[in-house]
């Protein structure tokens, strides 16, 4: 389920003084605001005098005069808390957040002072010609020569937007100021052919030039920018020179009076840009195309004053409405749906609140929470495609106006569409987010506050696939050959919306049901100085695709039948070109169809079907080669694919395995083999007890094993050799004949396993071998480890006797580990397997996440692998987004988001599989977690099957520790920066896997190089080591269940964790990195007999831990694995000098001096086979 984030509410002090700003807001606030504290009244306690045996009993006096009844505000607050909130915690969290985001008095005072100074400066401006302007004009247009004279504004500058309605939101506070151009600046026909926009830009440049010379603003920073990435809307940005400039920005807009032009000239069906403006010719007999989007761009300025009046009447003096809009702004900003030319701006939200108030769906006494909830409810069920309006007397029919736009929301004048530039896909995405917010609020088992307001969810983390077109030549080709002329005139030749319309229409038609939404990914335009030319923006396009999991991976697109719809079949064949073929299906129908893959293809290949379709459409319809675009999908899947160094053709197996396979595609082979083994075990008839259940607990049984599992396990000299062992738990039936002694019970289990092995050998001809952990069984190239589980063993482990001889049952580490492995892990493994069946991207996401953590030199001893699986499962279980991702790459990005932004000290990760937990159980666990936080590990994970061990079963204080969590957080943030910059930058390609899956070699004190011939290479695609170049490949199979390096590293940690931290890559790493503890651990200390490990005597009769002695101890434990010890700086120096580092194959040891090389002539006489024999290691053969 969701994450429960620990929050502490701040209770205001009774002696806290209020500022003038707060008093003014309080005075104008409705007394019915659900979040306002009731007026504090003095309450006198009743004094009740109790009698004793000696004192005289006194009459009880009523204290009606001292205890006042609750006020109406208090009664309403109690009722709202009970009816609107699931708990008082949510209300306190919202209230605290509103207090934190309120504008501080120093900013409001500065804004008031600034607007007064700016007004005086503007009034002192003098009329003049354009020649006096010394700055660049922030506009790129085909300029037309006309007379223009600067005239002093006749009206004072006014605050608009959030600054006027009192809903400014940080951290960067942006104050919008409108400066109205005099009507005398315009002529009768200036509304045509972009003349208005040119005059507006000229006026802005002149104002900036004159104000910059003013002493009051001389120290401020002046810059231009585009409003909402609209090149026709340049604004002037002023950054104060004071300390407030870090958090405050003031933007000056140039507007015009609504009377200068008739609003009817800007109706959607009229044309205000002639083709001759762009040098095009137009047949005079044809009707000029409509320019509805350009008309709306001019109407934005002309209707600004009227719309501002409506907003002021709605929000001024109503603190509940202001706070409700602030809540909605926070919600919208966290989802990044308000960015760019096609964003759903906060201005639309404010207008929608005014609309709901007009429709009497919002009451003046509604609390801020009620306002936000009502807006979400109405948005979730709204349909703006048919049009809504703020006008009381709409001059034209809404259905007619709505036909010219994707979304129609008319303003108070009835002429301007507030959503003119809003694509339908973005509007539907906002509606889906609103619906999700309502569902979260209604779910009593989720802390909806963190999901709705606190968690940042960038838009790119919701995209399954991303398409980038950034090549200037390709953009020019699309604009010149494929964009219709009427679209160019409509957007005044702005490239971005033209490309957006062209690509979305094409992809929507080609993908159909495969895609939920196609959304533009925009980045806010960066400001530029006023003395430089305006940049050309919009010459690139980035689209995000949200795929439908049910239809995205379909291998066939079926067209209409030729005999039923000949025209439709012809159109289908024309659209798909050579890809379309006439096919006969099993139901007897003969239709046109396009085949993209086969049903037997690997899942990773099927996830690229949409990529294949998009690239084909771009090439077939728009003549764009695949090399001219960037399609980001499945770029990181290579990390769990099979390494090309291992040749599948050498395997002796009946399974059909391709060379280009991966861990996900090989997992079904393992599961099928396991199912066959389970059936064989159930068929054994001569066992003393029945087998109740058989459960696989290895990660591969839940699609979470990143190492490709190949059927290469072999029997060599009656010993089983295998790269990995698959653990299986066998539950036996009940019996009262089990011994009461733990040793005897385990001996009986061993005898039982021997009998199982003998019967498997006799009845099914399976090889087996008994080891200390269980029974090893070899089947079809896979090695299984069978363990027997019985409840009496767990009871005997818990059994203890007190001093009085009373038998008690107490949990201990051994019993918890046995219970976790035998009883809880099988249930969790089954739940994760079911989760993968429901969400096919879960397993591959875990594979990428595990590979990334291993590449950062974090093994199971520092970060348990099951913790990664549960964290990813938490992401797929929680409803943070309206649509669950079908892309493992996107799932991995969300995993990095979780690691980068989680508060490990205050977050409990709950996984309520099958909704097994009740609301009361969740509440009790939350309370226990908050009150006893120190008793829980640093990373706290709890599943519905943990029983009394919830939160303490899967992790511990040392695995992972707080330093490891801090390091993982920093690594995740750095990885996210690389991904985000490569995704959103038009100049960069997507990050390469080697940039993410290779750890940095900095920060380590020592590197112990291990002998590569003793350590098997990983079967995963190897991206290299941060310390050394690639070593010689070694794919020899060790003994089954024998991981010598992991055991040695664990011994090092058990013995020397106080002095050093050890890191290595468990997926084929050949180096061991060491970081020394702080210098205080190596300071001189008093002599103690039990604390002399690695110590040497020093002055004052004290002892001191010596690092050199510790290194020698490390060498002793590593034994045959050790090759040499060096520092990362030495390795880098060797690589810079192009010196080949000493290796086991070309050097005898660290201290051996260099020998003179033999003559080439003599060396050439040695046969090749003899060289290979010399390179083999006796110690390696001894391990086998």
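Give me the base-10 log of I(q)/I(0) for the chain at each q in 0.05, 0.07, 0.08 Å⁻¹, Debye formula, one uniform scatterer per Cα, rounded to two decimals. Log10 I(q)/I(0), no solvent term: -0.47, -0.88, -1.09.
Each 5 Å bin from zero up to the one holding the largest Cα-Cα distance in the range 933-1008 carries the following percent of pairs: 3, 13, 15, 14, 13, 13, 13, 10, 5, 2, 0. Using a simple spin-label model with pseudo-atoms 7 Å out from Cα toward Cβ, residue 359 and residue 927 lie 4.2 nm apart. The share of alpha-carbon pairs in the range 360-425 lying farther apart than 13 Å comes to 66%.
Under the criterion of Cα pairs below 8 Å and six or more residues apart, the relative contact order for the chain equals 9 percent. Summarising the overall dimensions of the range 666-825 from its C-alpha atoms, the Rg and Dmax are 17.1, 58 angstrom.
The alpha-carbon atoms of the range 287-347 define a convex hull whose volume equals 95 cubic angstrom per residue. Projecting label points 7 angstrom from Cα along Cα→Cβ for residue 1088 and residue 556 puts them 7.6 nm apart.
For the chain, the longest principal axis of the Cα atoms and the long axis of helix 472-481 meet at an angle of about 50 degrees. The coefficient of translational diffusion for the range 216-275, derived via Stokes-Einstein from the alpha carbon Kirkwood radius under 25 °C and 0.890 mPa s, stands at 169 µm²/s.
Extension gain, residue 1096-residue 1079: 0.36 nm per intervening residue step, less the Cα-Cα distance, totals 4.5 nm. Oblate is the label for the range 474-537, because the ratio a/c of its alpha-carbon gyration tensor axes (a ≥ b ≥ c) is 1.5 or higher and a/b is not greater than b/c.
Between residue 259 and residue 120, how high is the FRET efficiency from 1/(1 + (r/R0)^6) when r is the Cβ-Cβ distance and R₀ = 35 Å? Nearest 0.05.
Details: r = 26 Å, r/R0 = 0.76.
FRET efficiency, residue 259 to residue 120: 0.85.
Computed from the mean reciprocal separation of all distinct C-alpha pairs, what Kirkwood hydrodynamic radius does the range 792-917 have, in Å?
Roughly 16.9 Å, rounded to one decimal.
PRE reach from residue 714 (point 7 Å along Cα→Cβ): which of the range 651-672 fall under 13 Å by backbone N? Output list for this probe position: 651-653. With contributions of -39500 (n - 2.57) from each DSSP H run of at least four residues, the per-residue ellipticity at 222 nm computed over the chain stands at -11500 deg cm²/dmol. Ellipsoid semi-axes for the range 884-1021, based on the Cα gyration tensor and the rule √(5λ), read 33, 22, 16 Å when sorted largest first. All alpha carbon pair distances within the range 178-309 were sorted into 5 Å bins beginning at 0; the resulting P(r) in whole percents reads 2, 9, 17, 19, 17, 13, 9, 6, 4, 2, 1, 0, 0. Note on the range 417-500: Rg/Rh from Cα positions, Kirkwood definition for Rh, rounded to two decimals, is 1.14. Against the chain, whose longest principal axis comes from its Cα atoms, helix 1044-1056 is set at around 80 degrees. Largest first, the extents of the alpha carbon coordinates of the range 556-595 on the three principal axes equal 25, 21, 11 Å. With 0.36 nm allotted per residue and the present C-alpha distance subtracted, the residue 313-residue 879 stretch has 200.0 nm of extension available. Under the simplified labelling scheme, the residue 812-residue 787 pair shows an inter-label distance of 1.8 nm, with each label point 7 Å from Cα along Cα→Cβ.
Be a star and scan the range 914-946 for residues whose amide nitrogen sits under 17 Å from the point 7 Å along the Cα-to-Cβ vector of residue 837. Output list for this probe position: 914-915. On the basis of the beta-carbon distance and an R0 of 22 Å, residue 1129 and residue 969 show a calculated FRET efficiency of 0.25. Measuring between their Cα centroids, the range 1066-1116 and the range 708-727 lie 39 Å from each other.
Here the residues 97, 463, 838, ranked from fewest to most Cβ neighbours within 10 Å of their Cβ, fall in the order 838, 97, 463. Annotation: Cα Rg of the range 102-261 relative to the compact-globule expectation 2.2 N^0.38 Å equals 1.04. Subtracting the Cα-Cα distance of residue 600 and residue 192 from 0.36 nm times their residue separation leaves 140.8 nm of extension gain.
Rule-based calculations on the coordinates, nothing more; no lab input. All of these numbers come straight from a predicted model, not from anything done at the bench. Cβ coordinates were reconstructed from backbone atoms using ideal geometry, including for glycine residues, and neighbour counts include every protein chain displayed.
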